[in-house]
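Structure, as structure tokens:
Taken together, the values in this text are just the output of simple stated rules run on the coordinates, not laboratory data. For clarity, every value in this text was computed on a predicted model and none was experimentally measured. Cβ placement follows ideal geometry from the backbone for every residue including glycine, while neighbour counts extend to all protein chains displayed.
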Ligand code: LLP
């Protein structure tokens, strides 16, 4: 049990969250190691061990820290990074280079050189210019690179438009148009410094319907067939991206991995059999589903503002700076008063952040027991894209992250100090 209610307190992976708030201060991210392990094991059972020649690359943009990457490696997953910074973290965690995939729609030459030097397993080429840049860097360094092409499969997903990426009008991926795509594929096949592996797509995030993954996979498989027919090349690998949705509130449906992966594998196998194609390796890239529900955030309630007949606001000591998702995507969250976990819900309040921004509302109109200054508000399912998207707006410090397991707690990210917030600032002589 990750979540338990005991002695009127919320416990998370065996730790009393009220004690965690006291010990480490708030705002605080708390991540359950057991929950992360459970997700990795679910992927092992329902995919990695169930099918031959498949891999899972954790999309680390959801939560990329040294400790997390160590867990991902230990649990037998590969890694997806999307920037020099994420790659650097992976390098510092000694993540095996051949198990790293490098995504991104505008990788700089420096980032590409860094990836090629480290010897990452795949570079996912996201635009037609990138292939020549990779060739040039490889030539200069006397190295080779394994590449995939990310395509836009032209499927429209049902999620917030800010997190859908598979539609034709997207900044991501190479258009499906053969006149654009086939010349760069031919270039990759011919280039001595490039090993062309295959096709990648990622259609969007927080999805609970498998039909769009299936439609996109069909597009990718058709490409495999056409590449065989027209370029006489056996595609070695397909990457079906991530996007598997999680439960933020009781209105969300969390589908098991098998709901997406079994039909995807069935389609892949049957398509390849029917068209006499060697079945390529299949890779998936989940981020959110591995870490979102493992994490909670703890905040302390400060000022309370009651507008009778209108609304009661209870302000927390963080907000959009540690969880921008409500402000950016109108994302909904659930939470409880961690220190009054068994008390009767008696009032409706709106949990507001402390940033100078009207959209800085964490949860609108939530039922809580009688709320008081000093209470600890715990928000559920903040493990993905919470810490990862944290900012220093209003010069608020980025909170600490504590990893908990069976009642043990370890700080895996220290709280930022004021000195760290201004450490890169300089005063020119003219202003001294
Ligand atoms: N692969 C690629 C190429 C991606 O762009 C993404 C997410 C993933 C995999 C992982 O998707 P996931 O399994 O986590 O859904 N900040 C937004 C989410 C942006 C996702 C961007 N790409 C949010 O907080 O909802």
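Using a simple spin-label model with pseudo-atoms 7 Å out from Cα toward Cβ, residue 275 and residue 160 lie 3.6 nm apart.
Taking 375, 234, 190 as the candidate residues, the one with maximal mean-square fluctuation in a Gaussian network model of the chain, Cα springs under 10 Å, is 190. One Cα centroid belongs to region 4-64, the other to region 124-141; the line between them spans 37 Å. Helical content alone sets the calculated 222 nm signal of the chain at -8500 deg cm²/dmol, taking -39,500 (n - 2.57) per DSSP H segment of four or more residues and averaging over every residue. Here r is the Cβ-Cβ distance between residue 222 and residue 370 and R0 is 60 Å; the resulting FRET efficiency, rounded to 0.05, is 0.50.
Net length available on complete extension from residue 6 to residue 262 is 88.3 nm, with 0.36 nm assigned per residue and the Cα-Cα distance removed.
For region 120-189, the direction-averaged projected area of the alpha-carbon convex hull comes to 5.5 nm². Nearest 10 degrees, 0 to 90: what angle lies between the long axis of helix 257-274 and the longest principal axis of the chain (Cα atoms)? That works out to roughly 10 degrees. With the simple model of a label 7 Å out from the Cα in the direction of the Cβ, residue 394 to residue 179 spans 5.3 nm. If one takes the longest principal axis of the Cα atoms in the chain, at what angle in degrees, from 0 to 90 and to the nearest 10, does the Cα axis of helix 178-190 lie? Tilt of helix 178-190: around 70 degrees.
Multiply the residue gap between residue 44 and residue 348 by 0.36 nm, knock off their C-alpha separation, and tell me the result in nm, one decimal place. Taking residue 44 through residue 348 to full extension adds about 105.3 nm, to one decimal.
Relative contact order of region 83-139: 37 percent, from C-alpha pairs under 8 Å at least 6 residues apart in sequence. Once the C-beta distance of residue 430 and residue 105 is scaled by a Förster radius of 35 Å, the resulting FRET efficiency is 0.30 to the nearest 0.05. Considering only the Cα atoms of region 33-291, their convex hull presents on average a projected area of 12.9 nm².
Overall size of the chain from C-alpha positions, given as principal axis extents largest first: 70, 61, 41 Å. The value of relative contact order for region 33-291, using C-alpha pairs under 8 Å at least six residues apart, is 20 percent. Rounded to 0.05, the FRET efficiency of the residue 98 and residue 70 pair, given R0 = 30 Å and the Cβ-Cβ distance, is 0.95. Residues of region 288-332 with an amide N closer than 19 Å to a point placed 7 Å from the Cα of residue 19 along the Cα-to-Cβ direction: 296-299. Using a Gaussian network model of the chain with C-alpha springs under 10 Å, which one of 100, 203, 227 is most mobile by mean-square fluctuation? Comparing 100, 203, 227 in the GNM, the peak value goes to 227. Normalised size of region 197-341, defined as Cα radius of gyration per 2.2 N^0.38 Å with N residues, equals 1.50. Modelled spin labels at residue 330 and residue 418, positioned 7 Å past Cα toward Cβ, are 3.9 nm from each other.
Based on Cα contacts under 8 Å between residues 6+ apart, the chain shows a relative contact order of 20 percent.
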